[in-house]
């Protein structure tokens, strides 16, 4: 359950993925990751999606403080990326939600089925990152030294907040994450009963949380970015895109063997935990889950029908 934290992105599209696909930023297991349009309601999902380019520009500008030319280029590229996503990726998201709905209607889904759904969601994330690379490669070589310092300073500011929130005692970290996961689960199932809460806690204890390892991976990703960007100043588009593709690959497939092993184990254990929890859900809770997924599928269909 602790895998895939919402770290600072290794590429422009990673954060945009959070906005325009509206997936849960914290991994709650494959089923909820794919279905986790947890923005508080249909209107919020549609509003966030339709405003994704502007929201993303605002977020990126907070890191790099774009000049006028960079800002215009970023806005144009983000708008094009959003149009592509609406046309090409929303139909695939609709299929994923349909698969999730069928799975949620089953009283006894398997961990393998849930993990398969998770794997498909990761493929969609990677497709979005790949599509965003040319735009990112056009802007990266134009970043000035002062802008690179701004990125580094923002990383450190975010890191301090992360350390304060998560680098606490193991039990405090588990308790905090368990509460967050409970809140997301109840968004779909409705209130969990005492037995289900005990089961959730037991699952969290079993999975375990290695916050120092997460933090080490966070720093590795940031340092790769901070070491790569200065080398790209005045680079041609092909060179920049190749370098950024390497950063994106490292984001999805860490070169740190210990982190990869931890993540793989966490994925498997999360799928087991979600399957067990769903098997223990009441009939009404399963109906609630299916209804929530249907609502989000309706959002996706509505967005597909809109002309931006």
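We did not get these values from a lab; they are worked out from the coordinates using the rules stated. Because the structure is a prediction, the values reported are computed rather than measured.
Take the Cα atoms of segment 165-225, find their three principal axes, and give me the spread along each one in whole Å, biggest first.
For segment 165-225, the Cα spread along each principal axis is 44, 22, 18 Å.
Dividing the Cα convex hull volume of segment 239-308 by residue count, how many Å³ per residue is that? Could the numbers behind the result be given before it?
On the way: hull volume 7.5 nm³, N = 70.
Roughly 106 Å³ of hull volume per residue.
For segment 271-287 and segment 67-117, what is the separation of their C-alpha centers, rounded to whole Å?
Spelled out, the Cα-based centre of one part sits 24 Å from the other.
Using Stokes-Einstein with the Kirkwood hydrodynamic radius over Cα pairs, what translational diffusion coefficient do you get for segment 12-305 at 25 °C and a viscosity of 0.890 mPa s, in µm²/s rounded to a whole number? Intermediate results must be reported in sequence, preceding the final value.
Numbers: Rh = 20.3 Å.
Taking Rh from Cα pairs, D becomes 121 µm²/s.
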